[in-house]
Ligand SMILES: Cc1cc2nc3c(=O)[nH]c(=O)nc-3n(C[C@H](O)[C@H](O)[C@H](O)COP(=O)(O)OP(=O)(O)OC[C@H]3O[C@@H](n4cnc5c(N)ncnc54)[C@H](O)[C@@H]3O)c2cc1C
């Protein structure tokens, strides 16, 4: 089977590499950064003296493509999470705490159970979920879920902001519906929260690289593809920072770079061009364990707090609105929320603020229209990435599916 060149060793590129290798191809990955993983990786932070994840990442057990990818690369056991679907929350305004705990089956009787449902939510609020599931067109999350009262404020809004990384008044409801249809609507068995037990790279990146290497795949880090040499409607060379890499007859290319890079390599390509920030604040401290390893906070700067050995880390999504605040202020506010939620002592421990200004494309109707499919006008070039038209927001699941789709196209009869 011919060699496939993959530009970008984030999750989309790695998923494509794994799927293509399974289909019998040889693969070579070109990665501009010093390590693979892109936006989903771990690194050593010198100031805090420990490894950090690029950002807290949460998966749900309904993310089938992701779980398949992890099973293939022998990494399924690197994830951890509670045995049941549980989502602990606290309202910082009132001090109330509750745990949303969907039952495992598809009939959602949990909405009737006071110990499992959202406090203050009326039964009719849950009708909003049915409205959401069948939403069409360009309606925003806030419009479709209008009137869902406490259910919206205390569950659906936090989930929407986390999944779409976009303010609800502009976030596209259809994209949230796609997530809900594959998770909450399938019953609690598809909603078990999962996080890496050690770190993002230890789950999603290192096992895949070892798996690929054992099967003849190669990765060139620090090798940026600066341009494509195109001739006769096909890519002939990748012009890399280490010189040209020829694309031989019958060979093909997967371009799995972020949306702000892709149009520089393929002029004329329309891709999302508006982004939203995610802010993570990492605190070097020991905290008492919490049942799910995380807690959702309503009404704070910190929207989610994740706890693992020696590190407590907060997430603030759709954070363009606060990204210009000084790091010290963001850390102080996030710590105040965290200390309250976890009953930790007041003095702020050593911290690191990470502002990912282009964490994901803004999940709006206008940006959705800019998402291209995997095919291009070039006969041997396909696209992958969380920003391509996956039908999902920019997530791990979307990135992995896009890589699988690119691989299927190249392994299928038409592109051989
Ligand atoms: C802070 C944060 C929190 C997140 N939380 C979650 C979460 O909880 N759950 C979830 O499902 N998703 C989450 N996501 C989203 C998820 O991380 C992304 O959807 C996914 O990692 C995107 O993968 P990708 O391969 O499409 O893109 P990328 O990870 O951006 O990979 C692209 C790769 O291409 C490389 N590259 C760029 N230009 C070139 C070039 N010219 N030549 C060669 N290589 C190049 C880059 O260095 C990079 O490695 C989060 C993202 C962030 C930033």
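Based on the alpha-carbon set only, what is the convex hull volume of the range 83-232 divided per residue, in Å³?
227 Å³
For the range 103-187, rounded, prolate or oblate, judged on the Cα gyration tensor with a ≥ b ≥ c (square roots of eigenvalues), a/c < 1.5 rounded, else prolate if a/b > b/c?
Prolate shape, in that a/c is at least 1.5 and a/b is the bigger ratio.
Under 20 °C and 1.002 mPa s, how fast does the range 158-233 diffuse according to Stokes-Einstein, given a Kirkwood radius computed over C-alpha pairs? Answer in µm²/s, whole number.
127 µm²/s
Taking the inverse of the average 1/r across all pairs of different Cα atoms in the range 273-316, what Kirkwood radius in Å do you get?
Kirkwood hydrodynamic radius for the range 273-316: 11.2 Å.
Report, largest value first, the span of the C-alpha coordinates of the range 38-131 along each principal axis, in whole Å.
Here the Cα extents, ordered largest to smallest, are 48, 36, 26 Å.
Convex hull over the alpha-carbon atoms of the range 275-361: what's its volume per residue in Å³?
Cα convex hull per residue, to the nearest whole number: 89 Å³.
If you bin the C-alpha pair distances of the range 193-317 every 10 Å from 0, what whole percents do you get?
10, 25, 25, 23, 14, 3, 0
Helix 173-182 versus the longest principal axis of the chain: what angle, 0 to 90°, nearest 10, using Cα atoms?
Value to nearest ten degrees: 90.
Please list, short to long, the whole-number percent of alpha-carbon pairs of the range 263-416 in consecutive 10 angstrom bins beginning at zero.
Reading the bins upward from 0: 10, 31, 25, 19, 12, 3, 0.
In degrees between 0 and 90, to the nearest 10, how far off the longest principal axis of the chain does helix 327-342 point, with axes built from Cα atoms?
50 degrees
Would you calculate, for the chain, the mean residue ellipticity at 222 nm contributed by helices, counting each DSSP H stretch of 4 or more residues as -39,500 (n - 2.57) and dividing by all residues, to the nearest 500?
-6500 deg cm²/dmol
Working from the pairwise distances between different alpha carbons, so that the mean of 1/r is found and then inverted, what is the chain's Kirkwood radius in Å?
Mean inverse Cα-Cα distance, inverted, gives 22.1 Å.
Helix 396-411 against the longest principal axis of the chain: what's the angle in degrees, Cα atoms only, rounded to the nearest 10?
For 396-411 against the chain, the angle is about 20 degrees.
With equal scatterers on the alpha carbons only and no solvent term, can you work out the Debye log10 of I(q)/I(0) for the range 1-71 at 0.23, 0.24 1/Å?
-1.07, -1.10
What list do you get for 225, 261 if you sort them by fewest beta carbons within 10 Å?
So the residues, fewest neighbours to most, are 261, 225.
No value in this document is a laboratory result; all are computed from the given coordinates. What you see is a predicted model, and the numbers here were worked out from it, not measured in a lab. Using ideal geometry, Cβ is built from the backbone for each residue, glycine included, and neighbour counts are taken over all protein chains shown.
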